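Worksheet: the structure to be examined is printed underneath.
The values are calculated or read from the model by the stated rules, or taken from the named source; none is laboratory data. Computed from a predicted structure; not experimentally measured. When we count neighbours, we look across all protein chains shown, and the Cβ atoms used for this are built from the backbone with ideal geometry, even at glycine. In case anyone asks, the SASA skips ligands and DNA or RNA and just uses the protein heavy atoms, side chains included. Shrake-Rupley method; radii C 1.70, N 1.55, O 1.52, S 1.80 Å.
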Amino acid sequence: MSKRKYIIITIGIIAFLFVSFIYSYKWAINKFNDNKKAKVSEVNNVDKPTSNLTLGDKISSNTKIILKTEYKKSGDINIKEVKVSEFLGKSKENLEEQGYIVESMSAKEVILIKRIDSYAPNKYVLGVKGRCFAIYKTDENGNMYIEDESNDVTDIQVPTEGDYNLLINGSKDFQFNSREEVEEKLGEYSS
């Protein structure tokens, strides 16, 4: 009888362990799926604009306007408060037609995003002219220009097609605060 008792106890323990394993496995899978769903919803909500105004509401004189200017080539973001007079009476639809992204909009505050395909203003940029490196400066609007063509356009050829495309499309790695920084970066290509 004692052998039979040990067999029953062993089968009971194995059954208990099996049921415990199945239960904890299902619980872990559900927990993992819940976390995954939460992360996906967070990612999906990042760029969705919000608005507390109803369709047709317009910006009034006591609304605070925040403008975020994103410079695509450098990734810089300039945030400033702008005069409400520029946007007075405009609706969300009017703003979107003018190229703004409405991040949030309420009666008290409107946050707008303007994406510009250039570098940040008043910076130096390593770029290309033809197939050679050139040093550009950006004006207060982010438009690039060459200050002195005899000194700023080099005879150093861009080494690869990949570098050339990167210089044409823009990268934060080619934007600098001073002429000396640009010349130092240019020196890396000339040696």
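Overview of results
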| read-out | value |
| --- | --- |
| Computed E for TYR189/ASN141 - FRET, C-beta separation, R0 30 angstrom, nearest 0.05 | 0.60 |
| Share of carbon and sulfur in the accessible heavy-atom surface of the chain [1.4 Å probe, %] | 54 |
| Qualifying trypsin sites (Lys or Arg not before Pro) for the range 61-95 [loop in DSSP, other Cβ within 10 Å: at most 15] | LYS72, LYS83 |
| Gyration tensor (alpha-carbon) shape descriptor, the chain, a/c threshold 1.5 | oblate |
| Cα shape, the range 134-182, gyration tensor, a/c 1.5 rule | oblate |
| Within a Gaussian network of the chain (alpha carbon springs, distance under 10 Å), most fluctuating of SER24, SER118, SER74 | SER24 |
| Cross-link pairs LYS73/LYS108; LYS90/LYS137; LYS68/LYS129; LYS114/LYS185; LYS68/LYS108; LYS72/LYS108 - those with Cα-Cα distance over 26 Å | LYS73/LYS108; LYS90/LYS137; LYS68/LYS129; LYS114/LYS185; LYS72/LYS108 |
| Karplus 3J(HN,Hα) series, Hz, for the range 150-166 with 6.51 cos²θ - 1.76 cosθ + 1.60 (x for Gly, Pro) | 5, 9, 8, 9, 9, 9, 7, 6, 5, x, 10, 5, x, 4, 4, 5, 5 |
| Whole-number percent relative contact order across the chain, with pairs defined as alpha carbons under 8 Å at least 6 apart | 17 |
| In Hz, Karplus ³J(HN,Hα) per residue of the range 11-19 (6.51, -1.76, 1.60; θ = phi - 60°; x = Gly, Pro) | 5, x, 5, 4, 5, 4, 5, 4, 5 |
| Environment charge at MET105 (Cβ cut-off 12 Å; Lys +1, Arg +1, Asp -1, Glu -1) | 0 |
| For the chain: accessible area per residue (Å², 1.4 Å) | 69 |
| For the chain, built as a Gaussian network whose Cα springs stay under 10 Å, the top-fluctuating residue of LEU126, LEU67, LEU88 | LEU88 |
| Qualifying aspartates and glutamates (Cα of each under 20 Å from Cα of LYS92; at least 8 residues distant if same chain) | ASP47, ASP57, GLU70, GLU81, GLU103, GLU109 |
| Directionally averaged projected area (convex hull, Cα atoms, the range 74-158), nm² | 7.3 |
